[in-house]
Amino acid sequence: MTHSLTTRKLTHQYLIPTYGRFDLEIVRGSGSRVWTETGKQLLDFGAGIAVCSLGHAHPEVGKAVAHQCTQLLHTSNLYYTRPQAELARQLINIVGADGKVFFCNSGAEANEGLIKLTRKFGDAKRYEMITFQGSFHGRTMAGISATGQEKVKKGFAPLVPGFVHVPYGDLEAVRAAIRPETAAILVEPIQGEGGIRIATGQFLQGLRRLCDEHNLLLLFDEIQCGLGRTGDWCGWKSIAGESVIPDGIAWAKGIANGLPLGAFWVSSRNCTDRGALCDLLGLGSHGTTYGGNPVVCAAGLVVLEVIEKENLLKNALELGAYCREELRTIQSPAITDIRALGLMIGIEFGIALDSLLPSTPEDPRPPATRLAMALISEGLLAIPAGERVLRFLPPLNVTRFEIDEAVEKLRRILQTPGSVLSHP
Ligand SMILES: *Cc1c(COP(=O)(O)O)cnc(C)c1O
């Protein structure tokens with residue numbers, strides 16, 4: 001009987017209505033493209049929110065996952081499993097500094113782990129974490145408490161105590177916020193949900209210096225910007241090179257091409273009288289049932305391997321720069337800024353977009369969302385960040401041809417005289 005109901009109807013009837021979804025049902029993907037249930041093809045420059053780094057249905061990911069499923073899908077962390085140990089070793093290679101890794105299931109949980117590490121590090125005397133306005137750190141209670149955006153917190157008080165938010169990029173504000181209770185600074189080297197805001201090298205170096213002076217942990221949320229997205233394995237290294245080494249890193253999104261996996265890394269540096277930082281979360285102090293199971297880790301391993309083998313860091317860097325230059329050729333007063341690091345690309349729009357795509361009483365959604373809808377009608381998926389920024393986050397193996405196509409679609413919307421999509 002349920003067969004006769006559309007997916008949209010079933011979703012509205014049976015799913016808790018937390019998501020504002022675009023009116024699109026996706027059934028299949030291949031590379032940088034997806035298809036809807038009616039056979040419409042779209043170029044996917046969202047990649048599942050910076051997740052599908054190798055694109056959709058990559059044959060090597062499919063093969064590795066399918067093979068692991070025939071061997072062992074899950075055993076819990078009561079036992080040793082090879083893919084988990086191998087992936088941890090690979091991730092530590094990527095950081096280029098000694099440390100250890102914990103596997104979880106999502107970005108929010110990776111940050112949650114760093115928050116718990118901070119509390120252990122503070123040893124009941126220090127507990128406070130400095131985070132930034134416009135940041136996004138996930139939807140758990142500690143995640144929304146850490147996040148510097150009011151909209152995710154509304155209705156969920158009381159929040160987890162111990163978080164202060166200061167303006168992004170403002171070193172003096174950070175210095176002024178440090179108190180005897182402060183234990184850590186958590187920062188996105190490039191803010192994703194906040195609209196592709198890129199920290200400067202000076203800012204990251206300054207944070208490191210403040211952390212050293214005050215014995216604080218420097219924690220990087222690389223969930224969106226990490227693992228190749230910016231053209232470097234480490235988002236912060238595209239900005240500050242080897243001049244900064246954090247004490248902890250959270251990863252998720254790009255780590256396993258869509259299988260649910262998150263991880264955090266902790267430095268092995270000594271923390272005063274209590275041994276290595278990475279051993280502070282000791283036996284029995286943290287855990288998860290699924291975290292780092294053999295299948296998701298097999299996917300993670302093949303993702304890292306293919307990025308290396310196919311030179312995709314270089315591709316992300318070069319095609320990111322190419323995309324930025326092509327976007328700059330769009331003659332539109334609506335574009336007020338283009339910010340990009342590798343294939344983490346943000347296009348900011350001013351008030352001129354509102355007259356091009358006016359909101360209506362039936363559709364009061366913000367301009368960036370209306371633009372994303374207009375682009376869907378052109379056959380392009382892109383992702384809004386806040387009210388006025390549109391993100392391009394294509395797979396790392398995107399081609400020049402696909403970038404040309406995406407830029408042309410955006411150009412068509414922005415340069416069509418009158419409002420292409422205003423309701424008749
Ligand atoms: C997406 C994201 C998160 C949350 O990850 P989930 O997997 O959705 O829990 C946290 N931090 C940043 C920077 C993100 O982009």
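Readers should treat all values here as calculations from the given coordinates under stated rules, not as data from a laboratory. Computed from a prediction, not measured in an experiment: that's the story for all the values here. Every residue, glycine as well, gets a Cβ built from its backbone with ideal geometry; the counts of neighbours run over all protein chains shown.
Here are a few things to note about the model shown:
- Percent antiparallel among DSSP beta bridges (both partners in the chain, rounded to 5): 65
- Ordering 67, 165 by the number of other Cβ atoms within 10 Å of each residue's own Cβ, fewest first, gives 67, 165.
- Residue 318/residue 89 FRET efficiency (R0 30 Å; Cβ-Cβ; nearest 0.05): 0.55
- Kirkwood-type radius of region 238-310, with distances r between different C-alpha atoms, in Å: 14.6
- Taking other C-beta atoms within 10 angstrom as a stand-in for reagent exposure, 259, 216 fall in the order 259, 216, fewest first.
- For region 324-424: rounded, prolate or oblate by the Cα gyration tensor [a/c cutoff 1.5]: prolate
- Eigen-decomposition of the gyration tensor built on the alpha-carbon atoms of region 1-55 gives equivalent ellipsoid semi-axes of 24, 15, 9 angstrom, largest listed first.
- Counting only DSSP beta bridges with both residues in region 60-309, the antiparallel share comes to about 45 percent.
- Contact order normalised by residue count of the chain, Cα under 8 Å, 6+ apart, percent: 21
- Across all directions, the average projected area of the convex hull around the alpha carbons of region 1-142 is 13.9 nm².
- In sequence order, calculated HN-Hα J values of region 273-290 (Karplus, 6.51, -1.76, 1.60; Hz; x Gly/Pro): 8, 10, x, 6, 3, 6, 9, 5, 7, x, 3, x, 8, 7, x, 7, 6, 8
- Hydrodynamic estimate: the Kirkwood radius of region 268-358 over Cα pairs, inserted into Stokes-Einstein at 20 °C and 1.002 mPa s, corresponds to D of 119 µm²/s.
- Stokes-Einstein D (µm²/s) once Rh is taken as the Kirkwood radius of region 60-309 over alpha-carbon pairs, at 10 °C in 1.306 mPa s: 87
- Largest first, the three principal axis extents of the alpha carbons in the chain are 69, 54, 44 Å in whole numbers.
- Take every pair of alpha-carbon atoms less than 8 Å apart whose residues are at least six positions apart; their mean separation over the length of region 60-309 yields a relative contact order of 29 percent.
- Potential extension, residue 13-residue 38 segment - 0.36 nm per residue separation minus Cα distance: 6.8 nm
- Calculated over region 176-253: convex hull of Cα atoms, volume per residue (Å³): 93
- Loop-resident sites, region 276-378, for chymotrypsin sites (Phe, Trp or Tyr not before Pro), counting at most 15 other Cβ within 10 Å (DSSP): 290
- Trypsin sites (Lys or Arg not before Pro) restricted to region 82-141 and DSSP loop, no more than 15 other C-beta within 10 Å: 125, 139
- Distant-in-sequence amide H partners of residue 262 (H built 1.01 Å from N, under 5 Å): 104, 105, 106, 292
- Across region 356-404, counting alpha-carbon atoms alone, Rg and Dmax equal 12.5, 40 Å.
- Estimated 222 nm signal from helices in the chain, with DSSP H stretches of n ≥ 4 weighted -39500 (n - 2.57), rounded to 500: -11000 deg cm²/dmol
- With neighbour counts taken as other beta-carbon atoms within 10 Å, the residues 285, 238, 106, 359 rank, fewest first, as 285, 359, 106, 238.
- For region 254-362, trypsin sites (Lys or Arg not before Pro) meeting the loop criterion (DSSP other than H, G, I, E, B) and having at most 16 other Cβ atoms within 10 Å: 269.
- Dipole orientation for the chain: of the candidates 368, 162, 41, 162 has the Cα lying most toward the positive pole (charges on Cβ; Lys, Arg +1; Asp, Glu -1).
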